[in-house]
Amino acid sequence: MNKHRIEDSKKLLIEQSDLNVAEIGKMAGFGSRSAFYLEFKKQTGINPNQFKKKAQEIISIESGSENQNK
């Protein structure tokens, strides 16, 4: 069950970047911020904030390379 919640939260962290991490944890079904952080780090090796930052960097790089190819 938590694996599915973490997968959902990863999608939300990428697609709903305007929301804060605690809100995303609640949307994914976690009862508390700490439970979300602990489970996320357990399954991914990084915390949700680090994941969100890396995802935004990748999206930014990909957007930049798409613009250069036009």
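On the stretch given as segment 45-59, residues that are in a helix (DSSP H, G or I) and open to solvent by less than 50 Å² (accessible area, probe 1.4 Å) total 4. Is at least one residue of segment 18-29 under 9 Å from the mean Cα position of the chain (by Cα) and either on the phi < 0 side of the Ramachandran plot or surrounded by 13 or more Cβ atoms within 10 Å (Cβ to Cβ) (or both)? The answer is yes; a qualifying residue exists.
The values are calculated or read from the model by the stated rules, or taken from the named source; none is laboratory data. Please read all numbers here as calculations on a predicted model, not as lab measurements. Cβ coordinates were reconstructed from backbone atoms using ideal geometry, including for glycine residues, and neighbour counts include every protein chain displayed. Heads up: the accessible areas ignore ligands, DNA and RNA and are worked out on the full protein's heavy atoms, side chains in. Shrake-Rupley method; radii C 1.70, N 1.55, O 1.52, S 1.80 Å.
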